[in-house]
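One structure below.
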Amino acid sequence: MKTDQQPEAATPVFLQTVSAAITQLKQRLKQDYEQAYPGLGEIIHLVLDEEEEKAWELSLFPHLVLPDLVEAHVATLGLQPAETKHDDGPVPHRFLEMPTYQPALAYVDC
């Protein structure tokens with residue numbers, strides 16, 4: 001039956017997609033951390049590689065946990081970020097702030 005073969009065929013595509021997402025994410029994280037901690041590129045590279053390995057062990061979606069793992073690891077190093085002229089850090093996402101929607105039409109029972 002063909003449906004039995006579909007998950008096996010989809011697995012390589014899934015892994016390629018996740019691997020590409022991890023590669024792009026690591027590049028972005030590397031740039032961000034190297035900007036915050038200039039001169040520590042080699043340490044940042046090692047942290048990213050180590051935490052990527054942990055992320056793959058923890059989840060089939062390692063790109064979702066990698067940023068938190070890297071942040072926690074960097075925090076344990078006790079590094080002080082470089083001073084910047086302006087605050088261009090990441091903007092906190094406001095997950096809890098949900099927009100309220102008003103219905104366009106009201107149902108009136110007559």
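FRET efficiency for the pair A82 and L15, taken as 1/(1 + (r/R0)^6) with r the Cβ-Cβ distance and R0 = 35 Å, rounds to 0.45.
Seen from T23, the other residues with C-beta closer than 11 Å to its C-beta sum to a net charge of +2, counting Lys and Arg as +1 and Asp and Glu as -1. Over all other residues within a Cβ to Cβ distance under 13 Å of A72, the charged ones net out to -3, with Lys and Arg as +1 and Asp and Glu as -1.
Since every read-out is calculated from the coordinates, none of them should be taken as a lab result. Note that the structure is predicted; figures quoted are calculated from it, not measured. Here the Cβ is made from the backbone with ideal geometry for all residues, glycine too, and neighbour counts use every protein chain on show.
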